[in-house]
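Participant: Below is one structure. I have some questions about it.
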Amino acid sequence: MQYVQAVVLAAGEGTRMRPLTFTRPKVMLPIANRPILEHLFVSLKEAGVSRVVLVVGYRDETIRDYFGNEWDGISIEYANQRRQLGTADALKAASHLLEEKFLMMNGDAIVSSSDISKIARQEGFALAVKEVPNPEEFGVVECEGEIVKNIVEKPEKPESNLINAGIYLFTKEILDFVDKTPQSVRGEYEITTSIKLAIESGIEFKAVEIDEWIDVGFPWDLLRANAYFLSKLESRIDGEVEEGAHLIGDVIVGEGSVVKSGAYIEGPVVIGRNCKIGPNCYIRPSTSIGDNCHVGAGVEIKNSIVMNRTKIPHLSYLGDSVIGENCNFGAGTKIANLRLDDKNIMVNVKNRLIDTKLRKFGAVVGDNVRTGINVTINVGTMIGDNVFIAPAAKVDGYVERNSKVF
């Protein structure tokens with residue numbers, strides 16, 4: 001493959017991911033115990049990319065501290081987008097670091113190395129497209145043959161199921177059109193507008209259909225991505241597994257972790273470093289447990305993400321949920337994950353009820369949340385960071401950060 005530089009956009013907060021992004025940018029949310037951005041770096045490296053320009057902004061120190069100036073042979077340069085004013089504005093912030101030909105993509109892109117290579121091999125300009133069942137939620141790409149003719153953002157009546165997957169191959173000529181890009185009705189300078197200006201000037205963009213692509217727009221999408229990456233893992237035991245513990249399928253146990261007797265773990269599951277698991281707990285498939293966590297006696301966890309330093313010591317149930325860092329669940333804390341009427345779970349996101357299109361979904365819990373004993377958390381509940389929940393409380397809907405529930 002011809003060497004191509006990659007520009008990765010990682011400046012945004014990801015407001016639809018709140019409360020998880022109050023304390024970290026979206027691209028640093030963990031999937032299978034690695035940040036979303038790191039999974040993208042793995043694909044870039046496998047595709048032969050060795051130089052990345054990271055456009056950062058919101059809580060950029062978390063990205064800089066984690067990746068530094070080099071990650072596994074990939075050199076990293078940083079460009080600051082001081083105000084998050086859209087994707088074209090982000091590219092403009094990186095303009096002084098660009099090579100003649102480069103890839104551009106969002107830092108939350110979940111895409112395979114083979115698809116990245118397919119795009120990078122193209123001549124001239126190209127963008128990735130993907131057929132999806134819900135094109136009205138994306139930018140729909142209209143083509144004549146393999147050539148892009150237009151991109152229509154979130155149309156009410158899409159002409160096709162082919163959407164813009166947010167991965168582009170440009171030359172520096174695109175900057176001429178970035179400079180001419182007007183502000184959108186959303187107050188942003190959008191790269192799709194720059195592309196339409198380029199097409200109107202006579203530049204051809206090739207539509208390249210990709211195979212693997214997961215959109216991670218809302219917190220529940222993290223669970224789908226988590227299951228996807230866990231399914232690719234192979235068993236590895238770097239910690240200790242006591243006699244009497246049962247590990248079924250592919251399970252990773254990190255260095256310094258202890259799986260105590262009576263624990264029953266059905267893979268795919270990943271357990272981080274320095275964890276205490278058990279005795280007598282049940283961890284079901286598609287679950288990731290971060291570093292320095294405790295899962296105690298009588299605890300059952302299913303299809304969930306539990307982030308670093310969270311303690312679930314005893315007699316609790318957690319299903320189809322995303323739990324932030326440094327939480328502590330009192331004995332008997334239960335998270336419901338199925339409506340009694342069997343309908344889809346609805347969730348409050350930015351004061352708007354969103355249909356998750358899932359029959360089973362539990363809760364999203366921010367960092368530093370503490371629950372007393374016998375707390376009940378209802379389906380689709382969103383709990384902000386630094387929340388204190390008193391014993392025997394029932395929690396439902398949306399709980400503001402830094403609040404108390406009695």
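Participant: Condition first: among the charged types (D, E, K, R), farther than 21 Å from GLN122 by Cα and surrounded by fewer than 21 Cβ atoms within 10 Å (Cβ to Cβ). Can you find one or more residues in region 166-174 that meet it?
Facilitator: No, that holds for no residue.
Participant: List, please: which pairs have Cβ atoms under 6 Å, are six or more places apart or on different chains, and start with a residue in region 369-385 that is of a type in the set (Gly, Ala, Ser) and end with one that is in a loop (DSSP other than H, G, I, E, B)?
Facilitator: Every condition considered, the pairs that remain are GLY372/GLY330; GLY372/ALA390; GLY372/PRO391; GLY380/ILE345; GLY384/PRO19; GLY384/GLY366; GLY384/GLU400; GLY384/ARG401.
Participant: Among (1) out of contact with any Phe, Trp or Tyr (no Cβ under 8 Å at 6 or more places or on another chain); (2) at pLDDT 95 or above; (3) small (Gly, Ala, Ser), where does ALA47 come up short?
Facilitator: Status for ALA47: all satisfied but (2).
Participant: Residues of region 138-152 being out of contact with any Ser or Thr (no Cβ under 8 Å at 6 or more places or on another chain) and either without any contact (Cβ under 8 Å) to a residue 40 or more places away in the chain or among the β-branched types (Val, Ile, Thr) (or both), which ones?
Facilitator: GLU144, GLY145, ILE147, VAL148, VAL152
Participant: Every residue in region 1-54 that is surrounded by fewer than 18 Cβ atoms within 10 Å (Cβ to Cβ) and of a type in the set (D, E, K, R), please.
Facilitator: GLU13, ARG16, ARG34, LYS45, GLU46, ARG51
Participant: Are any residues in region 166-177 within 26 Å of the chain's Cα centre (by Cα) and over 15 Å from GLU131 (Cα atoms), and if so, which ones?
Facilitator: Once the filter is applied, which keeps residues that are within 26 Å of the chain's Cα centre (by Cα) and over 15 Å from GLU131 (Cα atoms), region 166-177 yields TYR168, LEU169, PHE170.
Participant: If ALA128 meets every condition in (1) buried (at least 17 other Cβ atoms within 10 Å of the Cβ); (2) assigned to a strand (DSSP E or B); (3) at pLDDT below 90 apart from one, which number is that one?
Facilitator: Among (1) buried (at least 17 other Cβ atoms within 10 Å of the Cβ); (2) assigned to a strand (DSSP E or B); (3) at pLDDT below 90, ALA128 violates only (3).
Participant: So how many residues does region 194-248 have that are over 30 Å from ARG284 (Cβ atoms) and part of a loop (DSSP other than H, G, I, E, B)?
Facilitator: The number of residues fulfilling the criteria is 5.
Participant: What residue, of VAL405, VAL369, is among the aliphatic types (A, V, I, L, M) and either surrounded by fewer than 16 Cβ atoms within 10 Å (Cβ to Cβ) or within 30 Å of VAL258 (Cα to Cα) (or both)?
Facilitator: VAL369
Participant: What about GLU99, is it of a type in the set (D, E, K, R) and either outside the structural domain of GLY57 (by TED's automatic domain parsing) or farther than 17 Å from LEU37 by Cβ (or both)?
Facilitator: So GLU99 passes the test.
Participant: Sticking with this one: Could you grab me the full set of residues in region 317-338 that are over 25 Å from THR356 (Cα atoms), touching a strand residue (DSSP E or B) at 6+ places or on another chain (Cβ under 7 Å) and among the small types (Gly, Ala, Ser)?
Facilitator: GLY330, the sole residue that qualifies.
Participant: Next question. Could you list, in sequence order, all residues of region 339-378 that are modelled with pLDDT of 95 or more, touching a strand residue (DSSP E or B) at 6+ places or on another chain (Cβ under 8 Å) and among the β-branched types (Val, Ile, Thr)?
Facilitator: VAL364, VAL365, VAL369, THR371, VAL375, THR376, ILE377
Participant: Determine which member of the set ALA198, ALA225, ALA245 is more than 28 Å from GLY86 (Cβ to Cβ), of a type outside the set (Asp, Glu) and either in contact (Cβ under 8 Å) with a residue 60 or more places away in the chain or surrounded by 14 or more Cβ atoms within 10 Å (Cβ to Cβ) (or both).
Facilitator: Checking each option against the conditions leaves just ALA245.
Participant: Okay, moving on. Among the residues of region 88-99, is there at least one that is part of a loop (DSSP other than H, G, I, E, B) and under 25 Å from GLU212 (Cα atoms)?
Facilitator: Within region 88-99, not a single residue is part of a loop (DSSP other than H, G, I, E, B) and under 25 Å from GLU212 (Cα atoms).
Participant: Let me ask something else. Quick one: is VAL395 crowded, with 24+ Cβ neighbours inside 10 Å, outside the structural domain of MET28 (by TED's automatic domain parsing) and at pLDDT 95 or above?
Facilitator: No; evaluated as a whole, the condition is false for this residue.
Participant: Something else now. Would you please name the residue that is nearest to the chain's Cα centre (by Cα), looking only at residues in region 151-165 that are outside any loop (DSSP other than H, G, I, E, B) and surrounded by 15 or more Cβ atoms within 10 Å (Cβ to Cβ)?
Facilitator: So the residue we want is ALA165.
The values are calculated or read from the model by the stated rules, or taken from the named source; none is laboratory data. Not measured: the values here are computed from a predicted model. When we count neighbours, we look across all protein chains shown, and the Cβ atoms used for this are built from the backbone with ideal geometry, even at glycine.
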